[in-house]
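To start, the structure under review is shown below, and the notes come after it.
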Amino acid sequence: MAATARVRTRFAPSPTGNLHLGNARTALFNWLLARQAADLALPPACGVSGGQEHRGRGVTKGSGAFILRIEDTDRERSTPEAEQTILEDLRWLGIDWDEGPDCGGAYGPYRQSDRGAHYAAALETLQRGERLYPCFCTPEQLEAERQAMLRRGLAPRYGGTCRQLRSSERAAKLAAGAPHALRFLTPPGRLRWEDAIHGPQEVDGPTLGDFIVQRSDGSPTYNLAVVVDDSDMVISHVVRGDDHLPNTPRQLLLYAALGAPVPCFAHVPLLVHADQRPLSKRDASTSLRSYRREGYLASALRNFLALLGWSHPEGEEVFDTAALLARFDLARVRSSPATVPWHKLRWLNATYLRRLDAAAARQALVACDPEAAARLPGGARWETFVHAVRQNCETLRDLLAWWRVFEAAPLPLPESVRAMLREDTARRVLHSLRAGLAQGDEAACAGIPELLRDIGREHGIKGKALYRPVRLVLTGREHGPELAALLPLMGRALALQRLDEALQHEE
Ligand code: GLU
């Protein structure tokens with residue numbers, strides 16, 4: 001009978017760069033499982049049968065926990081700045097954690113670089129159980145062996161040179177202080193387990209070779225550290241990218257050797273472009289930070305990330321986090337690579353932007369571009385602005401660009417505007433509008449639509465010929481919200497300034 005446990009999921013990024021879409025999706029899926037634990041739909045049995053048996057922890061429905069663990073064993077590539085950025089980006093995305101490097105918790109420390117004693121204790125257990133042996137092979141020897149295997153068409157693995165050493169030879173090398181790694185003695189037999197997304201898995205143990213658990217510099221390898229950490233932190237579900245699927249059997253062997261309960265494994269599918277090219281994590285455009293800077297909303301990104309490999313049971317595409325929590329289920333995560341529907345991201349963002357009130361828009365802008373946000377107006381003016389233009393924006397950058405229309409700096413006059421300014425009809429409309437505005441008081445600006453109707457009647461001009469020149473000159477754009485909604489924001493002085501700038505141009 002499997003032990004019962006709370007749902008405890010974790011996200012374990014390596015702080016070697018920015019959080020990218022794939023990582024963020026993994027974090028979101030783990031967070032969802034932990035936060036919906038009260039009514040968690042359990043994946044099909046995580047346990048397995050036959051050969052070596054690996055049974056997932058039984059899970060009681062209850063309050064879950066989401067853990068953030070920093071996997072910084074790669075000392076050369078890990079930086080505190082990258083860790084900081086990851087934490088900030090997760091917070092921005094709306095993902096919170098119950099235990100982590102910044103807030104601690106009952107199963108810490110939560111940074112692998114601080115967990116040396118835990119790895120040493122596990123290595124000690126493995127040594128005692130005679131599951132390890134020292135390997136004195138040099139990197140050159142190992143590479144030559146690898147190449148030879150590849151030439152023979154075999155999947156490379158360690159051939160077991162040091163496994164065969166006589167104990168006297170081994171002792172002599174150790175006594176001489178020869179540098180060595182520690183390898184795990186992979187037992188014979190087949191390994192079978194169930195992945196909650198990929199289904200039943202099976203591997204012949206010896207094909208894995210004897211793998212390294214401690215490098216010659218004394219540092220633990222990923223496979224050892226992750227098993228020790230997941231086990232110490234009582235993780236119930238390991239949800240991660242399917243690039244880690246091949247590591248799982250090695251980890252299962254370590255769980256068994258350490259006598260630790262096995263979590264449920266779920267490997268989320270790779271993210272690919274439409275041409276099936278995998279998304280590269282070094283591709284700056286996929287970092288969460290770049291989306292935030294480009295004016296995407298955390299709410300839209302959360303919705304978008306959820307759709308990368310998972311689908312809503314009713315086929316819905318726009319859902320908030322509460323709805324996502326209610327419907328998310330690992331069983332609906334596909335195992336095949338997930339094509340990223342880039343076009344949907346802009347569309348989703350526009351959808352969420354349209355629903356944003358003025359206060360939320362300001363908050364989002366502060367996260368996107370604090371300097372630009374500091375220059376924006378407040379109060380009723382901001383509210384009028386947001387309500388007027390949000391329908392015409394896809395990103396927060398579009399919102400900022402619209403605000404420029406209401407600032408005193410002259411608008412650029414593209415060739416389309418210059419060409420229009422050479423037309424007699426347009427010039428007549430603009431001159432008459434200028435005269436009408438100059439005579440009127442401040443309220444005349446809000447009255448431009450009526451003024452235009454009068455001008456149109458007087459000159460026999462209507463429709464596009466009447467409105468296009470005014471829109472182009474006042475806003476610098478062909479399209480946009482109703483003029484009536486924009487003009488109260490513009491004010492008479494700026495409207496006159498814009499008309500003068502344009503009319504002077506082709507005098
Ligand atoms: N640090 C690993 C990565 O960033 C996480 C591996 C795991 O979740 O087991 O890919």
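The values are calculated or read from the model by the stated rules, or taken from the named source; none is laboratory data. Keep in mind that what you see is a predicted model, and the values were worked out from it rather than measured. Note that we place each Cβ from the backbone using ideal geometry, even for glycine, and neighbour counts take in every protein chain shown.
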Filter segment 242-258 down to the residues that are within 24 Å of Gly105 (Cβ to Cβ) and touching a helix residue (DSSP H, G or I) at 6+ places or on another chain (Cβ under 8 Å), then identify the one that is nearest to the ligand (Cβ to nearest atom). Gln251
State yes or no: is Leu353 of a type outside the set (Asp, Glu), surrounded by 18 or more Cβ atoms within 10 Å (Cβ to Cβ) and in contact with a Phe, Trp or Tyr (Cβ under 7 Å, 6 or more places away or on another chain)? no
Qualifying residue in segment 278-293 (condition: within 12 Å of the ligand (Cβ to nearest atom), of a type outside the set (Phe, Trp, Tyr) and in contact with a strand residue (DSSP E or B) (Cβ under 7 Å, 6 or more places away or on another chain)): yes
Looking at segment 184-200, can you tell me whether even one residue there is closer than 24 Å to Gly241 by Cα, in a strand (DSSP E or B), among the β-branched types (Val, Ile, Thr) and within 33 Å of the chain's Cα centre (by Cα)? no
Modelled with pLDDT of 95 or more and outside any strand (DSSP E or B), is that true of Glu145? no
Restricting to segment 191-215, count the residues that are among the hydrophobic types (A, V, I, L, M, F, W, C) and more than 16 Å from the ligand (Cβ to nearest atom). 4
Cβ-Cβ distance below 8 Å, separation of 6 or more or different chains: which pairs start in segment 193-219 with a residue that is over 29 Å from Gln127 (Cα atoms) and end on one that is among the charged types (D, E, K, R)? Ile197/Asp242; Ile197/Arg334; His198/Asp242; Pro200/Arg192; Pro200/Glu194
Scan segment 459-507 for residues that are assigned to a loop (DSSP other than H, G, I, E, B) and under 11 Å from Arg427 (Cα atoms) and report the count. 2
Does at least one position in segment 216-230 carry a residue that is on the phi < 0 side of the Ramachandran plot and away from the ligand (no atom under 15 Å from the Cβ)? yes
